[in-house]
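The values are calculated or read from the model by the stated rules, or taken from the named source; none is laboratory data. Worth saying up front: this structure is predicted, and the values here are computed from it rather than measured. Note that we place each Cβ from the backbone using ideal geometry, even for glycine, and neighbour counts take in every protein chain shown.
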Amino acid sequence: PLVDAFSALRTLARTVERLLGLKRVVVVPGDVARQPDDLAAVARAAAIALERAMKEARVIAVAGGTTMAAVAEVFRPRRKHPEVTFVPARGGLGEHIDIQADTIAARLADRAGGRFVRLGVPDQLSPETIRAMLEEADVRRRLDEVRRAEVVFHGIGDAKTMSLRRRADAAIRAELERRGAVSEAFGAYYDGDGRLVAQMPTIGLSIEELRAKRCIAVAAGRPKAAAIISLAKTGLFQELITDQGAAEAIRNGL
Ligand code: BG6
């Protein structure tokens with residue numbers, strides 16, 4: 001029966017690959033939305049992908065969020081990788097320190113015996129402040145390192161959940177809703193057709209830069225299915241690590 005269960009998950013993964021037009025999908029059992037402990041299985045699958053990525057990439061970028069924080073939690077590579085540098089994909093976006101990309105990059109580097117670069121960007125900056133920061137030699141040096149990332153690991157958020165979590169003001173939340181925002185990644189919000197509806201000001205990899213890289217999304221739980229579909233339509237990521245709850249909802253058309 002265990003063998004049957006695994007082959008059913010593999011079939012499910014192939015179906016999701018086809019439906020979303022992805023190169024590779026991994027589906028682990030469970031549903032993190034129903035059983036929070038199931039997040040460990042998703043994180044372990046992502047940690048395996050990360051360990052594999054370290055064999056090829058010298059610079060690995062990570063986004064923030066609870067899912068990527070869980071990956072850092074379980075990440076215990078078999079050998080040290082002093083040649084690998086972990087960088088945040090983008091600067092702080094108004095989240096708790098534990099789930100910011102800077103923190104996750106530092107934790108992964110610690111586990112891997114590698115280097116890390118932090119962006120150290122304060123939250124809720126105006127576009128003018130961001131422009132001024134980009135003139136700073138130190139910020140530019142860090143950004144140059146971030147841009148060298150070959151692989152990016154990132155979460156996918158449900159638009160509404162993310163706008164609340166990041167304490168976006170009421171006017172912005174109303175605007176996101178009016179424009180039909182479904183998903184969020186890297187501080188950008190997309191509608192159900194994968195069209196960009198809003199972008200929070202921050203520094204780091206731009207959407208264009210992200211497009212040129214190998215992006216591996218780690219997102220699980222049935223309530224995230226719509227967000228996963230929405231972001232898949234942007235073509236931003238090619239690989240997905242998810243759970244049965246989200247995968248079945250995608251297969252069944254939500
Ligand atoms: C954010 C990332 O920090 O986490 C986003 O920048 C992602 O890319 C979000 O949408 C997902 O968070 P979580 O907690 O659901 O994994």
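Go through (1) surrounded by fewer than 23 Cβ atoms within 10 Å (Cβ to Cβ); (2) part of a helix (DSSP H, G or I) for Met162 and report which single condition fails.
(1)
Mind counting the residues in the range 1-20 that are surrounded by fewer than 11 Cβ atoms within 10 Å (Cβ to Cβ) and under 18 Å from Cys215 (Cβ atoms)?
0
Which one of Ile130, Ile104 is within 16 Å of the ligand (Cβ to nearest atom), assigned to a helix (DSSP H, G or I) and β-branched (Val, Ile, Thr)?
Residue meeting the stated conditions: Ile104.
Looking at the range 31-77 only, could you name the residues that are within 16 Å of the ligand (Cβ to nearest atom), in contact (Cβ under 8 Å) with a residue 60 or more places away in the chain and either charged (D, E, K, R) or on the phi > 0 side of the Ramachandran plot (or both)?
Asp31, Arg34, Asp38, Gly65
Among the numbered criteria (1) surrounded by 18 or more Cβ atoms within 10 Å (Cβ to Cβ); (2) more than 13 Å from the ligand (Cβ to nearest atom), which single criterion is violated by Leu210?
(2)
Looking at the structure I just gave you, is Val25 buried (at least 20 other Cβ atoms within 10 Å of the Cβ), under 18 Å from Gly221 (Cβ atoms) and in contact with an Asp or Glu (Cβ under 6 Å, 6 or more places away or on another chain)?
When the stated conditions are applied, Val25 passes them.
Restricting to the range 78-88, and then to whatever is touching a helix residue (DSSP H, G or I) at 6+ places or on another chain (Cβ under 6 Å) and either basic (Lys, Arg) or in contact (Cβ under 8 Å) with a residue 40 or more places away in the chain (or both), can you tell me which residue is farthest from the ligand (Cβ to nearest atom)?
Val87
Taking only pairs six or more apart or across chains, which ones have beta-carbon atoms under 6 Å, a first residue in the range 142-154 that is under 8 Å from Val59 (Cα atoms) and buried (at least 20 other Cβ atoms within 10 Å of the Cβ), and a second residue that is at pLDDT 95 or above and charged (D, E, K, R)?
From the range 142-154, the pairs are Val151/Arg214.
Scan Val42, Val16, Val26, Val32 and give me the residue that is in a loop (DSSP other than H, G, I, E, B) and farther than 12 Å from Phe153 by Cα.
Being in a loop (DSSP other than H, G, I, E, B) and farther than 12 Å from Phe153 by Cα holds for just one of Val42, Val16, Val26, Val32, which is Val32.
Would a scan of the range 172-188 turn up a residue that is closer than 21 Å to Glu95 by Cβ, touching a Phe, Trp or Tyr at 6+ places or on another chain (Cβ under 6 Å), touching a residue at least 60 places away in the same chain (Cβ under 8 Å) and among the small types (Gly, Ala, Ser)?
no
Enumerate the pairs (first residue in the range 215-232 and of a type in the set (Ser, Thr, Tyr); second residue anywhere and in a loop (DSSP other than H, G, I, E, B)) with beta-carbon separation below 8 Å, excluding pairs fewer than 6 apart on the same chain, so at least 6 apart or on different chains.
Note: pairs meeting the criteria are Ser230/Gly192; Ser230/Asp193; Ser230/Gly194.
Out of everything in the range 184-198 that is away from the ligand (no atom under 12 Å from the Cβ) and part of a strand (DSSP E or B), what residue ends up being surrounded by the fewest Cβ atoms within 10 Å (Cβ to Cβ)?
Among them, the one singled out is Leu196.
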